[in-house]
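Readers should treat all values here as calculations from the given coordinates under stated rules, not as data from a laboratory. Predicted model, so just to flag it, every value in this text is computed and none were measured. Reconstructed Cβ throughout: ideal geometry from the backbone, glycine too, with neighbour counts over all protein chains shown.
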Amino acid sequence: MNFEPKILGFLCNWCSYAGGDLAGVSRIQYPPNIRVIRVMCSGRVDPKFILSGLQVGIDGIIVMGCHHGDCHYLEGNYEAEVKFKMVKLLLSLVDLQDRIHLEWVSASEGVRFGEVVTSFTESIKKLGPSPLSGENFDQQLLEKLKAIELAAGGERLRALVASKRIIMEEGNIYGEKISQEELDEILISAIEDEFLRQQILLKLKNEPLSVKDLSQLLNIDSSVILKHIISLKARNLIDYIKIEGITPFYQKL
Amino acid sequence: MYYLERNSSNVLIIGAGIAGIQAALDLADMGVKVHLVEKRPCIGGKMAQLDKTFPTLDCSICILAPKLSDCYRHPNITLYTLSEVQKVDGSEGNFSVEILKHPRYIKEDVCTGCGDCAKICPVRGILNYFDANLVTLAAAYIPFPSAVPPIYLIDRKRCVYLTHGICVLCTKACDAEAIDFTQKDTIIKLNNISSIIIASGFNLIEDINPLKEYGYKKYPNVVTALEFERLICASGPQQGHLRRLSDGIDPKKIAYIQCAGSRNIKDKKYCSSICCMYTTKEAMITYEHDNEVESYVFYIDMRAGGKGFQKFLERGKAEYNINYINNKIAKIKVDENENPIIIYEDLNDGKIKELKVDLVVLATCIIPSEGNKKLADILGVDLDEYNFIKTKPFFSMETSKKGIFTCGCSHEPMDIPRSVAEASSAAARVAEIAKGR
Amino acid sequence: MKSEDEPIRIGVFVCHCGTNIGGVLDCEGLTEYAATLPNVVFSDHNLYTCAEIGLKTIKEAIEEHNLNRVIVCSCTPRTHEPLFRSACEEAGLNKYLFSFVNIREQCSWVHMKKPEDAFEKAKDLIKMGVARATKLEALETIVVDVDPSALVIGGGISGMNAASNLSKQGFKTYLVEKEKNLGGLLNSLYRLFPNDQESSELLKDIESRIQADKNITVYTSTMITSIDGFVGNFEVEINQNGNSIRIKVGAIIVAVGATPLKPINLFGYDGKIRITQFELENVLKNYSLNANNIVMIQCVGTRNEERMYCSNFCCMSALKNALIIKEKNPDVHIAILFRDMHTPGIAYEEYYRRARESGIIFIKYSPEKPPIVEENKIKIYNEYLGTEIIIPYELLVLSTPLIANEDNKQIAQLLKVPLEENNFFLEAHVKLRPNDFATDGVYIAGSAKWPVDITESISQGYAAAARASTILSHDTLEVEGATSYLPEEYKDLCRGCEICLKLCPYKAIRKNEKDEIEIIQVLCKGCGVCGASCPKKAIKIKHFTNEQILSEIYALGGKELP
Ligand SMILES: Cc1cc2nc3c(=O)[nH]c(=O)nc-3n(C[C@H](O)[C@H](O)[C@H](O)COP(=O)(O)OP(=O)(O)OC[C@H]3O[C@@H](n4cnc5c(N)ncnc54)[C@H](O)[C@@H]3O)c2cc1C
Ligand SMILES: Cc1cc2nc3c(=O)[nH]c(=O)nc-3n(C[C@H](O)[C@H](O)[C@H](O)COP(=O)(O)OP(=O)(O)OC[C@H]3O[C@@H](n4cnc5c(N)ncnc54)[C@H](O)[C@@H]3O)c2cc1C
Ligand code: SF4
Ligand code: SF4
Ligand code: SF4
């Protein structure tokens, strides 16, 4: 049987949803895989929505908003873009980045709305079913995705992403303006850190583990793990509960 | 709960372009009852036909559509489409008005806008003004899919039932039973109108003058700016994929000719004010679609005084491959492949030169709204030498008659920001009177 | 109003829309499917749900089946939501308990050739809609009082006209001017284009109207010191000669004008024989002119890297003054060196033609080869002739642009409104809201926004007054219930980072007296950016809550919401 993906679309009310309406009025035909959730502004799309969607087995998720400069709420679409970038970076750590897509579609682009939906549907068809749906369900991936959700929902990444434009325009607390590139670098390293920490935390929730255990489980160099263990401990998120020989075992608090 | 409602009277606004709509919404939001008369079947005027708008390049219909539906739904606005004012008596504070409303032959409150009537209608070939006559429709039609009100109408001159008494296929096709061939012209009388705003907008010179000297209509690859707006618009006749009308080839070299019909000593001596800007806009949009396109703008003076306009032009030069040529056009001819050739005097060095391009776009002169003469007679207001509504110096909303105001392009060519500001200013003046002070 | 705790009872209404939906989708089938979904107690289908009869069915069903959620599956909420919402309200159901499922634009019209797939999609959409409806909450619209009075900052021509109009509309108006006199730049002008009226005459007319108007209180030599509150309820403190005065107003108009640039170090400016166009006005006023050769240079200090803008009316000012001089003494030689003559429209182009006919010489120069000013002559390269020309002068007049006032930044901070890169005030939307700020209840007029002539300054003064009146004309202001807020129970979460406060495009968020984040409900437009960004997830976005949206996602995935 042909694979028919399940696709979810988040459309802003003022441009993209209106573009979808125009596609309808103009009887533009496009693949019937997409299911739409209307939000007032693309800036409303919380990273959690995208990550939850993937967790429940949706094959592809597309966010659509107004073109730059057209946002009904002035600049919500810029916020959407920054958030989306972060989610994309996080997902690239587990190779799911191609399952999500951001696109600007205006209220006059009925034909284009159809084209965008068609090409996204095609691209998901090529990727095949989500590893989080159906028979080949990948439990490990689900756990990683949970770690990603926790990382994205954590205060550090949320604050970093939300203040990105503020820092670029007004400067940070020291009044320094930081360039897009520098900020992206900071963001990428923060994303990698947070993802790993959340994975460690998830593992330590169930049973006490040593650095070596974690290193094996997560397939990551033990020196890197140790670095994070120290910082997690400093933040009072974990502590060792026993020492076997000279090896400490940690658990989530 | 409106503070004003207690003692306010009614207001008449003529023309539902962006200016008329803004004035109507402001007054309605103040609690004043507005009667808005539009001669076309739908509201929005020229702005609804534009693709994107300078200087921020936002999509015209996207920003306009919410205003259209606000205007249509506002409890204080009564909208009369396909209507004209035919008689006005009285004076400031108390005008009485007669509106002639033409039938749609479709019941406004029943039609669901499904378009089944248009699908079945056997008559074709009705030129659609909305798409600058580049598209034809059936006799049962709606000018554009997102038109407001979203109600179809039947062209009385072309419907074969109305002209020859046969057909009624649409009546059968319409499940909602909205079609009503018994509708007649009706006259609506309004009393106690405290003041009137004229927002009749503008026409373009090609509506009355074939622009022979530019080869317009003779050469298929010479088009007007408004036609071009439709051609590059995603909801237009070519779905936004620009092709030449002669052979369907994508143009790579486009010339834009400023002041076509304007600043002309013999006839329209004035400057149309907005063409310099919209030309750069059109060239930018074209470049965004296809960045192999080279643009040449033939201009006399570059007029870009509005907010952000200079920057817009600089961006055009730097990022969008637009070349500006200070010139006087002598003539346009074509080669055997219908490629236009422009012969011009370069005002920078005084030499006569030629440039061969794939497509020519004419920034045509803005002229007074077609019915201004008749309207001015009915209202008793003065016109200027060109038939624009005459206004008082410094007070651009005041006409020669007390209680009658104007805004937007009905009295002078101007861009959207100024049309909107003027519309609000006319509303402010009207509010003084409507409140009986 | 239905109470929150009672069991959820959803009614689903599927519309055929003639054949538009019914022709593609099996509407009876969808109705039956809806009945199987959790919490759905009633489902029905109509030929036209939006027709009177369809609406009646909804209202009757609400009564009869005691529905506390209603779902219509038909066309697009963008056009039809208000209609169905009001039908629900008529039957006593809070309008926010209505939910829309679009199976026409999103389904039957775009999948006409695949009716089975379309049917499956419609089922999913209904399932998602039901999940969302289950989580919907009744919302109250918020009502605030409006003080029917206004403050106009700046007593130039635009501010005075704004004040006069507001007062005539019946609103108490305060006009605050920082100088000793009203009038702004017009105090320094001689005659005015386009009709050569004396500036003092135009000023006298409006000033006397203002002074006679009992509804207007004028404060001259006065500065604004603080502004608090929000639309309908601003509290303003002003300072007149050291005395502090407090006023309460419903709306504020900014009309602080702009300042002519002094061209220090440009073209040998010395304020004596090389003066600005603005200074020339004063010379003409006293008619103390004795020069036979006059040269004017346009675009001085502007349309360059530093100021990438055209000041709009300087070409006209130059033409005006040149014509005035020519009229008094036709033998004076005047040359105007320009880049582009900016005389748009009807009257201004006419003026330009008159100037050309009067014998004034126009020479175009390019910014790459600007005129070179020497002791008593100017060298200019004429592109058209391809040579350099030398023109003698006894008076050189430099047309400089209007630049933004220095204290714009302070005013902007007091009002929490933005400036653009040249420090002029930035309006809410360049095209469709030219005289509004994004912040409700604050408006902008005249040269404070951008250099404009008197006609536009006046028209904008009136326009700003009209916009203010759309608020002031109401006793109370009712606002959308679907806003964001910081719920009592989440207050502890907030760590005061102020990210939300900075991101809100409408400046709806502030820190209140208790140093807590507070979202001013009348200002919030419900975009949800604050809530989606808050690092602590403390903000709740009503009607688009996380729970509501997640319930749709989980329904689509066929999973239980955790
Ligand atoms: C090619 C082109 C491109 C443009 N691009 C831009 C741009 O990018 N940015 C920008 O700011 N501006 C642009 N403009 C200018 C813009 O179109 C106008 O500023 C604006 O449309 C003026 O609005 P209006 O309401 O005054 O007139 P109109 O839009 O002309 O509306 C007038 C309305 O009144 C109706 N009417 C007329 N007479 C009567 C009557 N007697 N009785 C009843 N109804 C009547 C008409 O049918 C119409 O609906 C462009 C213009 C053109 C031609
Ligand atoms: C040389 C020259 C010639 C001109 N000739 C003409 C002409 O012939 N015809 C024409 O149409 N236009 C002409 N203009 C343009 C005209 O001057 C402007 O259009 C007009 O002055 C703008 O009015 P305004 O009210 O916006 O600003 P302004 O006239 O600048 O008035 C602003 C007022 O606000 C006050 N103010 C500023 N800051 C504050 C504050 N913080 N608190 C309180 N009050 C404050 C100022 O003191 C001032 O009184 C000319 C301009 C120049 C420079
Ligand atoms: S008249 Fe009837 S068939 Fe035509 S659009 Fe309206 S409802 Fe549809
Ligand atoms: S963003 Fe959240 S945590 Fe930060 S101040 Fe606002 S409500 Fe508080
Ligand atoms: S929802 Fe939007 S408008 Fe409302 S407070 Fe949050 S950011 Fe501001």
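General remarks:
- Placing +1 on each Lys and Arg Cβ and -1 on each Asp and Glu Cβ, with no other charges, gives chain C a dipole about its Cα centre of roughly 1020 debye.
- Residue order for C:Val442, A:Val36, fewest other beta carbons within 10 angstrom first, comes to A:Val36, C:Val442.
- Calculated FRET value between A:Ser119 and A:Lys146, using beta carbons and R₀ = 25 Å, to 0.05: 0.25
- Hits among lysines - C-alpha to C-alpha of A:Lys126 under 16 Å, sequence gap 8 or more where chains match: A:Lys6
- Modelled FRET efficiency - R0 30 Å, A:Gln29 with C:Ser86, Cβ distances, 0.05 increments: 0.30
- Cβ-based net charge around B:Thr171, under 13 Å, with every Lys or Arg adding one and every Asp or Glu removing one: -2
- 0 to 90° range, to nearest 10: angle between helix A:180-206 axis and chain A longest Cα axis: 60
- Each Lys and Arg contributes +1 and each Asp and Glu -1, all at the Cβ; summed about the Cα centre of the protein assembly as shown, the dipole is approximately 1240 debye.
- Kirkwood Rh, Cα atoms: Rg over Rh of segment C:411-562: 1.08
- GNM result for chain B, Cα springs below 10 Å: residue of B:Gly20, B:Gly248, B:Gly215 fluctuating most strongly: B:Gly248
- Against the rule of thumb 2.2 N^0.38 Å, how large the Cα Rg of the protein assembly as shown comes out: 0.98
- Radius 14 Å from Cβ of B:Ser96, net charge of other residues (Lys, Arg +1; Asp, Glu -1): -1
- With Rh defined as the Kirkwood radius, the inverse of the mean 1/r over Cα pairs, the Rg/Rh of segment C:10-139 is 0.94.
- Given charges at Cβ of Lys, Arg, Asp, Glu: segment B:293-411 dipole, positive-most of B:Pro393, B:Ala318, B:Ala363: B:Pro393
- Residues of segment A:1-42 with an amide N closer than 13 Å to a point placed 7 Å from the Cα of C:Lys113 along the Cα-to-Cβ direction: A:28-32.
- Remark on segment C:76-122: hydrodynamic radius 11.9 angstrom, per the Kirkwood mean of 1/r across alpha carbon pairs.
- A crude spin-label estimate for the pair B:Glu336 and B:Asn291, with each label 7 Å from Cα along the Cβ direction, gives 3.7 nm.
- Using only the C-alpha atoms, the convex hull of chain A corresponds to 139 Å³ per residue.
- Order of A:His228, C:His543, C:His45 under a 10 Å beta carbon neighbour criterion, fewest first: C:His543, A:His228, C:His45
- Mean separation of Cα contacts under 8 Å, 6 or more apart, over the residue count of chain B: relative contact order %: 19
- 27 Å Cα-Cα threshold exceeded, pairs from B:Lys217/B:Lys317; A:Lys146/C:Lys135; B:Lys52/B:Lys390: B:Lys217/B:Lys317; B:Lys52/B:Lys390
- Oblate is the label for segment B:20-124. Its Cα gyration tensor axes, ordered a ≥ b ≥ c, give a/c of at least 1.5 and b/c at or above a/b.
- Rounded, prolate or oblate (a/c below 1.5 giving rounded, otherwise prolate when a/b exceeds b/c) for chain B by Cα gyration tensor: oblate
- Counting every pair of alpha carbons in segment A:7-127, the share spaced more than 26 Å apart comes to 14 percent.
- Rounded, prolate or oblate (a/c below 1.5 giving rounded, otherwise prolate when a/b exceeds b/c) for segment A:72-183 by Cα gyration tensor: oblate
- Across peptide B:357-363, the average count of Cβ atoms from other chains found within 10 Å of a residue's Cβ is 0.
- With R₀ fixed at 45 Å, the C-beta to C-beta distance from A:Asp98 to B:Asp349 puts the FRET efficiency at about 0.20.
- Antiparallel DSSP beta bridges within segment B:206-365, as percent of all bridges there, nearest 5: 40
- Dipole magnitude (debye, nearest 20) for segment B:224-354, charges at Cβ of Lys, Arg, Asp, Glu: 680
- Spacing of the two label points (7 Å from each Cα toward its C-beta) at A:Ile241 and C:Asp475, in nm: 6.6
- For segment C:329-370, the residues whose backbone nitrogen is under 13 Å from a point 7 Å from the Cα of B:Lys269, taken along Cα to Cβ, are C:346-358.
- Simple spin-label estimate for A:Lys233 and A:Ile188 in nanometres, 7 Å along Cα-Cβ: 3.1
- Ranked B:Asp207, C:Asp124, criterion: other C-beta atoms within 10 Å, fewest first: B:Asp207, C:Asp124
- Near C:Thr545, once Lys and Arg are set to +1 and Asp and Glu to -1 for all other residues with Cβ below 9 Å from its Cβ, the sum equals +1.
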